[in-house]
Amino acid sequence: MVRLVLASPIAVATRGEREIEIEFEGTLRGLFDLVTNRYGKPFQQRIFEGDGALKRFVNVYVNGEDARYLRGLDTPIPRDATVDLLPAIAGG
Amino acid sequence: MGYVRGLRCRACGAEFPAVQLAVCESCFGPLEVTYELSAVRDSFRRADLAERPRDLWRYRELLPVLDESARVDLAVGCTPLRRAADLGEALDVREIWVKDDTVNPTYSFKDRPVAVAVAKAREWDLPAIGCASTGNLAAATAAAAAKAHLPCYVFAPASLEPAKLLVPRIFGATVVPIEGTYDDANRIALLTADRRGWGFVNINLRPYYAEGSKTLLFETWEQLGFELPDVIVVPLGSGLLLTSLEKGFRELRELGEVADPPRLVGTQAAGCAPIVQGFESPDGRPKPVRRPETVAESLAIGDPGSGFEAIQAMRATRGFADAPNDPDILDGVRLLARAEGVFTEPAGGTTVATLRRAREDGRIDRDERVVLLITGSGLKTPAVWRDAFQPLAPVPPNSAAVDAYLGGLHHG
Ligand SMILES: Cc1ncc(COP(=O)(O)O)c(C=O)c1O
Ligand SMILES: [Zn+2]
């Protein structure tokens with residue numbers, strides 16, 4: 001099972017659900033397509049820009065690594081991965 | 001009684017009441033506190049300021065704390081603004097001032113933002129506080145938590161300077177030493193605070209936390225006889241300090257107190273310069289650094305949360321960004337110590353190094369009045385000197401041995 005974890009500010013995109021388990025294996029883009037199917041347009045609109053890129057203020061981590069340092073939306077997602085969606089507030 | 005109007009998103013402009021909100025609910029962008037400035041204007045008077053207590057609460061109208069009893073009184077702020085004539089001579093600058101925040105209660109400027117964040121945590125009755133820290137914030141949060149009788153959890157890279165991991169524990173905080181970089185510590189701190197309902201000062205209390213830092217600008221303005229300098233050199237980690245200074249300037253301007261902004265010059269180490277690289281790139285976005293490599297550990301934030309805002313602030317004030325290397329930074333520390341008797345950690349050396357470089361290439365003019373923000377004490381970072389100063393071999397307590405050690409009598 002892939003575990004998708006959303007920080008509470010981001011969880012508005014999933015009707016308040018902060019931990020979601022999904023049977024999945026593929027790429028990050030594929031995972032988000034699946035989640036969009038489940039949670040509809042609100043998820044898509046809150047997480048993505050119109051051009052399909054991730055929103056500037058949303059950071060995505062795959063097993064703790066920032067997806068920007070991996071292959072972005074093409075990053076492979078193994079079947080037991082943990083994917084975190086967190087607001088971009090680092091440092092301070 | 002408060003003058004707070006609410007929170008406003010810096011990215012999309014959405015407005016919210018001043019509640020416990022970490023980011024904008026619609027775009028997840030950064031929030032800033034807004035004030036009823038017309039009301040502030042009636043009580044924020046130069047003549048009255050002089051009579052006020054000598055700590056950061058003297059600017060209370062522009063700080064978002066509603067309940068005075070929620071404040072933790074550690075006497076934060078009102079640090080010296082030192083005229084640095086010898087440093088000016090060394091760097092060929094007519095007028096340099098050193099804003100010396102090494103003398104705050106826990107020896108860095110972080111006591112300022114923490115004072116505000118912890119007051120909010122008490123107003124909201126949060127069960128515990130904490131932070132993700134590159135070192136200084138850990139001490140500041142832990143000290144304020146001790147005085148507030150709140151449990152405190154500090155997330156920091158396990159590889160940090162030993163002193164910086166020790167100090168928060170003396171204050172009674174729980175240190176969680178994270179295997180990895182600051183950005184790893186920040187990510188897991190965010191998840192932990194979120195799951196447990198804790199108030200992490202630089203994460204979910206961030207809009208309020210940010211407010212404390214702008215008191216550095218207010219103090220500088222007051223100490224210069226209600227004038228702003230031409231240039232302020234600011235160390236950059238997440239970029240929040242510089243962003244907050246610019247906000248403080250905008251507030252003074254809206255109050256009619258000042259007209260032109262100081263040029264805000266941001267500086268970080270070449271070994272971790274995501275904001276400087278972003279400043280130099282056309283899109284103005286920070287360029288994240290995966291593995292920071294620098295002696296300036298307190299600035300080593302690879303993915304700076306307020307980097308974009310800091311870049312905008314530097315551009316808006318006609319400042320610039322610079323990234324000296326580690327040897328230049330340590331030279332800067334030594335120069336400040338030897339010219340002015342102020343011992344800073346590498347973050348402060350970074351500002352000195354940038355001023356030197358900017359004089360060499362003319363980006364700062366000799367006649368500009370320059371303030372260096374010296375944001376942390378050198379006593380927390382002795383390890384950076386390991387290679388520069390060899391261990392001392394004991395000298396027998398007799399004159400012959402001392403003479404031999406000193407190489408003969410010194411004349412004059
Ligand atoms: C001594 C010192 N100066 C400057 C900074 C940079 O502050 P900011 O992260 O707000 O840019 C830090 C941050 O940790 C610090 O510890
Ligand atoms: Zn917004």
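The values are calculated or read from the model by the stated rules, or taken from the named source; none is laboratory data. Nothing here was measured: the structure is a model prediction, and the numbers come from that model. Note that each Cβ is placed from the backbone with ideal geometry, even for glycine, and that neighbours are counted across all protein chains shown.
Assorted remarks:
- Any hit, the stretch B:57-64, residues being away from every other protein chain (no Cβ under 14 Å), on the phi < 0 side of the Ramachandran plot and assigned to a loop (DSSP other than H, G, I, E, B): yes
- Any chance B:Lys164 is within 16 Å of ligand 1 (Cβ to nearest atom), more than 28 Å from B:Ala18 (Cβ to Cβ), assigned to a strand (DSSP E or B) and away from chain A (no Cβ under 13 Å): no
- Residues that are near ligand 2 (Cβ under 8 Å from one of its atoms) and part of a loop (DSSP other than H, G, I, E, B) within the stretch B:1-52 comprise B:Arg10, B:Ala11, B:Cys12, B:Gly13, B:Ala14, B:Cys24, B:Glu25, B:Ser26, B:Cys27, B:Phe28, B:Gly29, listed in sequence order.
- Subset of the stretch B:215-244 (residues that are over 16 Å from B:Gln268 (Cβ atoms), within 11 Å of ligand 1 (Cβ to nearest atom) and more than 12 Å from chain A (Cβ to nearest Cβ)): B:Leu216
- Qualifying helices (runs of 4 or more DSSP H) (wholly inside the stretch B:248-365; at least 3 residues being under 30 Å from B:Cys9 (Cα atoms) and modelled with pLDDT of 95 or more): B:274-280, B:307-316
- Scanning the stretch B:209-219 for residues that are of a type in the set (Ser, Thr, Tyr) and over 13 Å from B:Glu246 (Cα atoms) returns a single hit, B:Tyr209.
- Listed conditions (1) in contact (Cβ under 8 Å) with a residue 40 or more places away in the chain; (2) within 14 Å of another protein chain (Cβ to nearest Cβ) are all met by B:Leu191, apart from (1).
- Lone qualifier among B:Glu123, B:Glu32, B:Glu51, B:Glu89 - being more than 29 Å from B:Ile170 (Cβ to Cβ) and either crowded, with 16+ Cβ neighbours inside 10 Å or of a type in the set (Ser, Thr, Tyr) (or both): B:Glu32
- Residue selected from the stretch B:135-161 under the condition over 14 Å from B:Phe200 (Cα atoms) and within 13 Å of ligand 1 (Cβ to nearest atom), by the criterion nearest to the chain's Cα centre (by Cα): B:Asn136
- Scanning the stretch B:55-88 for residues that are at pLDDT below 95, under 22 Å from the mean Cα position of the chain (by Cα) and among the charged types (D, E, K, R) yields one hit, B:Asp73.
- Residue identified as within 14 Å of chain A (Cβ to nearest Cβ) and modelled with pLDDT of 95 or more among B:Ala121, B:Ala138: B:Ala138
- When residues in the stretch A:5-40 are screened for being within 13 Å of chain B (Cβ to nearest Cβ) and either over 22 Å from A:Ala90 (Cβ atoms) or not basic (Lys, Arg) (or both), 11 of them pass.
- Scanning the stretch A:46-79 for residues that are of a type in the set (Lys, Arg) and under 12 Å from the mean Cα position of the chain (by Cα) yields A:Arg46, A:Lys55.
- Of all residues in the stretch B:65-82, those satisfying the criterion of being part of a loop (DSSP other than H, G, I, E, B) and touching a residue at least 24 places away in the same chain (Cβ under 8 Å) are B:Val65, B:Leu66, B:Asp67, B:Arg71, B:Val72, B:Asp73, B:Leu74, B:Ala75, B:Val76, B:Gly77, B:Cys78, B:Thr79.
- Cβ separations smaller than 9 Å between residues 6+ apart or across chains give the following pairs from the stretch B:300-324 residues that are within 14 Å of chain A (Cβ to nearest Cβ) and closer than 20 Å to B:Val23 by Cα to residues that are basic (Lys, Arg) and within 13 Å of ligand 1 (Cβ to nearest atom): B:Gly305/B:Arg206; B:Ser306/B:Arg206.
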